[in-house]
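S.K.: My questions all concern the structure below.
Computed from the coordinates by the stated procedures, all read-outs in this text should not be read as laboratory data. None of these values were measured; they are calculated from a predicted model. FYI the Cβ positions are ideal-geometry reconstructions off the backbone, even for glycines, and counts take in every protein chain you see.
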Amino acid sequence: MKAIVLVGGFGTRLRPVTYAVPKQLIPIAGKPLLYHVLDLLPPETEEVVLATGYKADLLDAYVRAHPVRWPVRTVPEAEPLGTGGGMRNASAGISDPFFLLNSDVVASADLTAMRAAHLARTGIGTMALYEVADTKPFGVAALAAGDRITAFVEKPDAKDAPSHWINAGLAIWSRSVIDEVPGGRAVSFESEIVPGLLARGVYGFRLTGYWDDAGTPERLLRCQRLLFDDHRGGAGGVPKGAFGSGPVAAMTGARAAGASFGRYVTLGFDSVIEPGAHVEDSVLMDGVRVDRDASVLGSILGPRVRVRPGREVRGQTLGEGAEV
Ligand code: GDD
Ligand code: MG
């Protein structure tokens, strides 16, 4: 099977970091969010097609420079086409059925088992679902016997949510669904298309374990914690010459001798944490510099942010080049 991964969207809730870097390239637990999504695909996946839009060139350059085990191709859209339009735009040569994945979710999902469940039925789609208390930011499914989806509502008010089982952003669809997406305009697959597909047999695949969407700063940092706790953030520990608990995932060129670390930190390429500085529960992107005796807690620092000596950055999201 092949996979279409939806990689457009502006990442508005992660501004100002996403003015410089698309959400999918923000590193968490040692590598970009996108790469953690790709890790979920079955090993025998034939090809990955990235439906890109915002900052398509950066994404294309990154995946060329950092190849994964499958062939990866990017198909950019000139105007944002929404989730349905993006899927349609990227669908030339796609397999039947195919995976359709959001690029901003972190999960303990067995997509090989989901494929087996899909192929064992006669439906046109299988959507991974996850049970949450607050369904408001998500698409919500009603389930009947055999986990057949009988209703699907995108981002309903709490009183209109048909259950607590939400669309986890990982699905398998028959090629024929692409024909249902009108061309030439932006289309939300979840709002405009999915409800009309249910009569043809769409099933839920209930996820257990962990899941979250990394679309906001709080959720992105939670996703990083989930990945580290699942040992998907590398060897753990702290960088050479540093102190503290970790886990810290340090990308190439990161230096932190004499600094101290709490739990859950990613250090981007060529970042420098000076002696006496302290970092925990944070993402520091490429070229960030944290001067001596400064501290960074619960924050996301965009490329080349500088934190001056003795300063404390707590609960902040700082854009490229900011100085505090
Ligand atoms: N190509 C393309 N074009 N991709 C897009 C576009 C676009 O115009 N807009 C969004 N995307 C991509 C995003 O990068 C993301 O990977 C995915 O499509 C979903 O978009 P989000 O903006 O993150 O949507 P959401 O989080 O509000 O809701 C979606 O995900 C939830 C689970 O995280 C929906 O699929 C919900 O039903 C679902 O519950
Ligand atoms: Mg999202």
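S.K.: Starting from the coordinates of the alpha-carbon atoms of the range 92-174, obtain the Kirkwood hydrodynamic radius over all distinct pairs and give the value in Å to one decimal.
M.R.: One over the average 1/r among Cα pairs gives 13.5 Å for the range 92-174.
S.K.: Take the Cα pairs of the range 179-324, get the Kirkwood Rh, then feed it into Stokes-Einstein at 10 °C and 1.306 mPa s and tell me D in µm²/s.
M.R.: Rounded, D is 93 µm²/s.
S.K.: Where Rh is the Kirkwood radius over the Cα pairs of the chain, the temperature 4 °C and the viscosity 1.567 mPa s, what D in µm²/s does Stokes-Einstein return?
M.R.: It diffuses with D of about 64 µm²/s by this estimate.
S.K.: Can you tally the net charge around Val194? Count Lys and Arg as +1, Asp and Glu as -1, for every other residue whose Cβ sits under 13 Å from the Cβ of Val194.
M.R.: That sum, taken over residues with Cβ under 13 Å, equals -2.
S.K.: A further question follows. Please report, in whole Å³, the volume per residue of the convex hull around the C-alpha atoms of the range 31-162.
M.R.: Hull volume over Cα atoms, normalised by residue count, gives 137 Å³.
S.K.: Mind jotting down a quarter of the surface of the convex hull over the alpha carbons of the range 1-58, in square nanometres, one decimal?
M.R.: For the range 1-58, averaging the hull's shadow over all directions gives 4.3 nm².
S.K.: For the range 243-318, what is Rg from Cα atoms divided by 2.2 N^0.38 Å, rounded to two decimals?
M.R.: 0.90
S.K.: Taking the Cα-to-Cβ direction at Thr12 and at Asp57 and moving 7 Å from each Cα, how far apart do the two end points lie in nm?
M.R.: Placing both labels 7 Å along Cα→Cβ, they lie 2.5 nm apart.
S.K.: Springs between alpha-carbon pairs under 10 angstrom, Gaussian network model over the chain: which of Lys159, Lys23, Lys31 fluctuates most?
M.R.: Among Lys159, Lys23, Lys31, the largest GNM mean-square fluctuation belongs to Lys159.
S.K.: Among Asp157, Asp60, Asp147, determine the one that fluctuates most according to a GNM of the chain built with springs between C-alpha atoms less than 10 Å apart.
M.R.: Of the options given, Asp157 has the highest mean-square fluctuation.
S.K.: Moving on to the next point. Less than 19 Å from a label point 7 Å out along the Cα-to-Cβ axis of Thr252: which backbone N atoms in the range 29-56 qualify, by residue?
M.R.: Label zone hits: 29-36.
S.K.: Which one, Trp211, Gly233, Ala90, projects farthest toward the positive side of the charge dipole computed for the chain from Cβ point charges (K/R +1, D/E -1)?
M.R.: The one lying farthest along the dipole's positive direction is Gly233.
S.K.: Here's another thing I want to ask about it. Points 7 angstrom from Cα along the Cβ direction at Lys240 and Glu46: gap in nanometres?
M.R.: 4.5
S.K.: Let me ask you something else. Sorted by mean Cβ packing within 10 Å, highest first, what order do the peptides 107-113, 294-300 take?
M.R.: Taking the mean over residues of other Cβ atoms within 10 Å, the ranking is 294-300, 107-113.
S.K.: A further question follows. Starting from the range 190-281, pick out the trypsin sites (Lys or Arg not before Pro) whose DSSP state is loop and whose Cβ has at most 10 other Cβ atoms within 10 Å.
M.R.: Sites meeting the loop and neighbour criteria: Lys240.
S.K.: Further question: Take Ala145 and Asp230, extend 7 Å from each Cα along the Cα→Cβ direction, and tell me the distance between the two endpoints in nm.
M.R.: It is 3.4 nm.
S.K.: Let me ask something else. If r is the Cβ-Cβ distance from Arg200 to Ala113 and R0 is 22 Å, what FRET efficiency results, to the nearest 0.05?
M.R.: About 0.45, to the nearest 0.05.
S.K.: Kindly give Rg over Rh for the range 143-250, based on alpha-carbon atoms, with the Kirkwood expression for the hydrodynamic radius.
M.R.: Radius of gyration relative to Kirkwood radius: 1.12.
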